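See below for the structure under consideration.
The values are calculated or read from the model by the stated rules, or taken from the named source; none is laboratory data. Keep in mind the model is a prediction, meaning the values are calculated, not measured. Backbone-built Cβ (ideal geometry, glycine too); neighbour counts: all protein chains shown. In case anyone asks, the SASA skips ligands and DNA or RNA and just uses the protein heavy atoms, side chains included. Shrake-Rupley method; radii C 1.70, N 1.55, O 1.52, S 1.80 Å.
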Amino acid sequence: MRLAVCTAAWLQHRRWRYRNHLMIPIHEAQQTVIEACTVLPALPTACEVMNGRVLAQDVVAPENVPPFTNTAVDGYAVRAADVQSVPVVLRVVDTLAAGAAPSVAVGSGESIRIMTGAPMPQGADAVVMVEDSVREGDAHVSLGRAAKVGDGIRDAGSDVRVGETVFVAGTVLNAAGAGVLASVNARSVLAYPRARVALLSTGDELVTDGSPLRIGQIRESNLTMLDAMIAASGCDVNNLGVVRDDEAELERVLLDVVEHCDAIVTSGGVSMGDFDVVKAVLSRIAKMQWMQLAIKPAKPFAFGQLIASDGRVIPIFGLPGNPVSSMISFELLARPALRKMMGHTVDLLRPTISAVLDAPIRRKADGKVHYVRVFGGFEPDGRLHVRDTGPQGSHQLAATAMANGLAYVPDGAGLAAGDEVNVYLLG
Ligand code: AMP
Ligand code: MG
């Protein structure tokens, strides 16, 4: 009996150990994290800040663009019928600048000097470019090129027609898109906000102020890197700096910042170390999943949710402290989830393309996919060619900084020169 109880307990223990060390494939972790993050509520947003943001409404043009028929060139507004056999001399009866309202019509044998963007005057049905004219005194112009009806004219609504749907909800606007909103007078639109991301780093060994290093100390680098990565993902960063490896201090900082952020990114303290305070504190105050990912680098990763006092569920991305691991887990897990929160529905991940490996990548079988940092470019065969950027340790950020892609090297003995390799394009 006693033996049976002992055996059951031992088996349970083995099962736990096994489960705790079961590594999660990266795509499963990505799915879990992305699914758990919810889209932020859309807000009225000024067109001036729409570059990179996602629309939460269709935009129907309330106006024509251009609002009136106008000249596309600097020249002379004419009746095309008068400019059939050239050269021909016409009387110049007025001058029209952009912004001016026409007050004089163009009659037979007449023209009006006109600047790009000015409304077409009555009577005129073509514009002859100034390059095809020779002015003859104040009152006349000689035109050297024949005109057809409509030459040099752009019609009202020829860019956007009133009532037309210019963008549908879900569109990611670029700078030109923001300009289009301004052009149709959509000064404010419903859009998903930039996520407010609180960033902190932990570790008593970290020095940020440039002072000489004492034994055991290192320069902090993840805050600088992650701040830039979070901003480049379209979020607003609240960089809280380094929090000491002190549970009470970290708990205070987290419970304070959760009230005014949409997501939290932490660096360090999520692996198996004895002073991994992030692990201790978050286990207490948040609902956490401590993951061991089947990838190298960036095996340890924590994802969790902390509830703000108003009920908002704030995702926490617990990145490992090793700089390369930090960078890769942000890139593969936090960035796509943050993009989802900001309304993106496609391209949460960056594109992966098949490339040619120009130098071998050796590795040992360990149950993990290796994300090898590579650099490359397109070559005359139309293919992307890559090779690794040097030392691949998880502390070796310098070689990682030279990479423009992550090569997906499956478990096994590695790849030979000339092999195909899938590359996740970084930026
Ligand atoms: P941790 O994840 O806290 O166990 O840290 C793993 C390794 O990364 C250790 O060698 C740390 O010193 C280093 N490390 C942790 N945080 C940072 C940081 N913010 N900047 C640079 N190195 C770090
Ligand atoms: Mg640490």
Can you give the accessible area of ASP138 in Å² (nearest 10), computed on protein heavy atoms with a 1.4 Å probe? 140
Gain in length, ARG145 to GLU35, computed as 0.36 nm per residue apart minus the alpha-carbon separation, to one decimal in nm? 33.2 nm
With a cut-off of at most 16 other beta carbons within 10 Å, and DSSP calling the residue loop, which trypsin sites (Lys or Arg not before Pro) in the stretch 179-276 qualify? Please list them. ARG187, ARG214, ARG244
Which residue, SER188, SER133, SER329, tops the fluctuation ranking in a GNM of the chain built on C-alpha contacts under 10 Å? SER133
Which value, in Å² rounded to 10, gives the accessible area of TYR76 with a 1.4 Å probe and all protein chains present? 10
Under 18 Å from a label point 7 Å along Cα→Cβ of ALA98: give me every residue in the stretch 109-133 with its amide N that close. 113-121, 127-131
In debye to the nearest 20, how big a dipole does the chain give about its Cα centre with +1 on each Lys and Arg Cβ and -1 on each Asp and Glu Cβ? 1780
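Suppose we take every Cα in the chain and form the convex hull; what volume per residue is that in Å³?
Working: hull volume 100.5 nm³, N = 427.
It is 235 Å³ per residue.
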Just check the stretch 352-425 against the gyration tensor rule for me: Cα atoms, a ≥ b ≥ c as the square roots of the eigenvalues, rounded for a/c under 1.5, and otherwise prolate or oblate depending on whether a/b exceeds b/c. oblate
Could you derive backbone 3J(HN,Hα) for the stretch 300-309 from the dihedral phi with the Karplus parameters 6.51, -1.76 and 1.60 (θ = phi - 60°), listing whole Hz in sequence and x where the residue is Gly or Pro? x, 8, 10, 10, x, 9, 10, 9, 6, 5
In whole Hz, the Karplus estimates of ³J(HN,Hα) for the stretch 259-274 (6.51, -1.76, 1.60; θ = phi - 60°; x where Gly or Pro) are 6, 9, 9, 9, 7, 10, 10, 10, 10, x, x, 10, 9, 9, x, 6
Most fluctuating residue of ALA280, ALA334, ALA302 in a GNM of the chain with Cα springs under 10 Å: which is it? ALA280
Which far-off residues, 5 or more places away or on another chain, put their amide H under 5 Å from the one on VAL88, with H placed in the peptide plane? LEU143
Once both axes come from the Cα atoms, what is the angle between helix 247-257 and the longest principal axis of the chain, in degrees from 0 to 90, rounded to 10? 20
If each part is reduced to its alpha-carbon centroid, the stretch 371-427 and the stretch 193-229 end up apart, in Å, by 27
Determine, from the Cβ-Cβ distance of MET272 and ALA231 and an R0 of 30 Å, the FRET efficiency 1/(1 + (r/R0)^6), rounded to the nearest 0.05. 0.45
Working with all protein chains in place, sort ARG154, ARG91 by solvent-accessible area computed with a 1.4 Å probe, largest first. ARG91, ARG154
In nm, to one decimal, how far is the VAL89 label point from the VAL346 one, both placed 7 Å along Cα→Cβ? 6.1
With 0.36 nm assigned to each residue of separation and the Cα-Cα distance removed, ASP159 to GLU420 gains 89.5 nm
Using θ = phi - 60° and the Karplus curve 6.51 cos²θ - 1.76 cosθ + 1.60, what whole-Hz ³J(HN,Hα) does each residue of the stretch 193-208 get, with Gly and Pro shown as x? x, 5, 6, 8, 10, 8, 10, 9, 10, 10, x, 5, 7, 8, 10, 10
Can you give me the long-range amide H partners of THR45? Hydrogens built in the peptide plane at 1.01 Å from N, cutoff under 5 Å, separation of 5 or more residues or another chain. VAL189, LEU190, ALA191
For the chain, find the longest principal axis of its Cα atoms and tell me its angle to the long axis of helix 26-36, 0 to 90°, nearest 10. 70
Please list, in chain and number order, the residues 5+ apart from PHE68 or on another chain whose amide H is under 5 Å from its amide H, with Hs placed from the backbone. GLY157
Column: log10 I(q)/I(0), Debye, Cα scatterers of the stretch 70-154, q = 0.10, 0.17, 0.26 Å⁻¹: -0.17, -0.53, -1.35
Per-residue ellipticity at 222 nm attributable to helices in the chain (runs of n ≥ 4 DSSP H, -39500 (n - 2.57) apiece, nearest 500 deg cm²/dmol) works out to -6000 deg cm²/dmol
If we count every other residue with Cβ under 13 angstrom of GLY52's Cβ, Lys/Arg +1 and Asp/Glu -1, where does the sum land? 0
Helix 222-232 vs. the chain, principal-axis angle (Cα, 0 to 90°, nearest 10): 40
Find the relative contact order for the stretch 70-154 and round it to a whole percent, using C-alpha pairs within less than 8 Å whose residues are 6+ positions apart. 42
Which sequence of ARG383, ARG161 reflects their accessible areas, 1.4 Å probe, from the largest down? ARG161, ARG383
